[in-house]
Amino acid sequence: MTDAKFLGIDGGGSSTRAFVVDNDLGLVGTRRGGPSNVLVVGEARADVALSSVLSRDERYTAIVAGIAGADRPWVRAFWESRLSPYADHLWVMGDYRIAWAALTDGSPGLVAIFGTGSVFYAEGKARQVRLGGYGWKVGDIGSGIMLGQAAVSAALGELEGWGPQTALTRPVLAWAQAENRAQLLNYIYHPDVDWRSVSDLAVEVFRAADAGDDPASAILEDQAQLIQQYLLAAETEAEVPVDGQWGLAGGLARLWLPRLKREAVRPLQLVEREPGLGAARLAKKYFDKGQEGISH
């Protein structure tokens, strides 16, 4: 099948990326479009994003689409209906799975993704396990929102006198465009403020900890312990073999890596391959294995 083409799609809240590989896994092309997270931008804008990376007359041997929110049945059904005309073999799955594929090339292993939120995903020899990914209302371990929220609490501690001084207070006040505790609280609870923006403070927590700030260091130490528990729980539940790869992905991965490597029971690495490319390679692997018509 020399003319076979396999498409991988990485669809999220900020952009949509498409990668095409040939039968030898050589990269044929890439395209980029707008946001396609239906939960955030709606179906109409998601359709526009899809149209920007695919043409009506295109046809592929197989497609794997890693889509934000695809664990929800209606989101998965939306994407299956939009993508099925482009290939006979299609798999729609959560975007965390293509980050795992980018790390492992479809072999047993575990990935932890740290961005605004976080999620842990592992596949063993016969089991798939997802932990976390609770969303901004609950908070995700090690995520930007969790770290930002902790930074706000530390700043309030200093401002109210029940907590120690911390280098986090200044960036927290700057984030809220505030000069004191009252203005900070007014900002947080203003109806026009998106609480998810607190994740912008995550970098400040790492920066303050690296400079020796005790409250910031305590935040990271507490979160790191919880991350280790999630990693071990995912590995155990999925029955990942001891030679399975462990990796970190997402915008905060590089900041977390040196801190987590100190305590990790398995070697940790960054996921360097693009998730969409991992999806394209997974499409070929699933096609070769005959996993036709399977959607996750």
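The values are calculated or read from the model by the stated rules, or taken from the named source; none is laboratory data. Quick caveat, the model's predicted, so the values are computed rather than measured. Positions of Cβ are backbone-derived with ideal geometry, glycine not excepted, and every protein chain shown enters the neighbour counts.
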State the number of residues belonging to segment 258-296 that are among the small types (Gly, Ala, Ser) and closer than 13 Å to Arg97 by Cα.
6
How many residues are in contact with a Phe, Trp or Tyr (Cβ under 7 Å, 6 or more places away or on another chain), farther than 15 Å from Ile188 by Cβ and not in a loop (DSSP other than H, G, I, E, B) when one looks only at segment 132-153?
1
Identify, from the list Leu185, Leu168, the residue that is in contact with a Pro (Cβ under 9 Å, 6 or more places away or on another chain), over 30 Å from Ile67 (Cβ atoms) and of a type outside the set (Val, Ile, Thr).
Leu168
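Every residue in segment 134-148 that is of a type outside the set (A, V, I, L, M, F, W, C) and touching a residue at least 40 places away in the same chain (Cβ under 8 Å), please.
Residues satisfying the conditions are Gly142, Ser143, Gly144, Gly148.
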When segment 242-257 is checked residue by residue, the ones that are at pLDDT 95 or above and either farther than 16 Å from Ala99 by Cα or aliphatic (A, V, I, L, M) (or both) are Leu248, Ala249, Leu252, Ala253, Leu255, Trp256, Leu257
Any residue at all in segment 18-26 that's of a type in the set (A, V, I, L, M), buried (at least 16 other Cβ atoms within 10 Å of the Cβ), more than 14 Å from Ile67 (Cα to Cα) and touching a residue at least 24 places away in the same chain (Cβ under 8 Å)?
yes
Hey, which of the helices (runs of 4 or more DSSP H) in segment 1-112, taking only ones fully inside, have at least 1 residues that are over 30 Å from Gln269 (Cα atoms)?
38-53, 73-83
Taking the stated definitions as given, is Ala62 touching a residue at least 60 places away in the same chain (Cβ under 8 Å) and crowded, with 18+ Cβ neighbours inside 10 Å?
yes
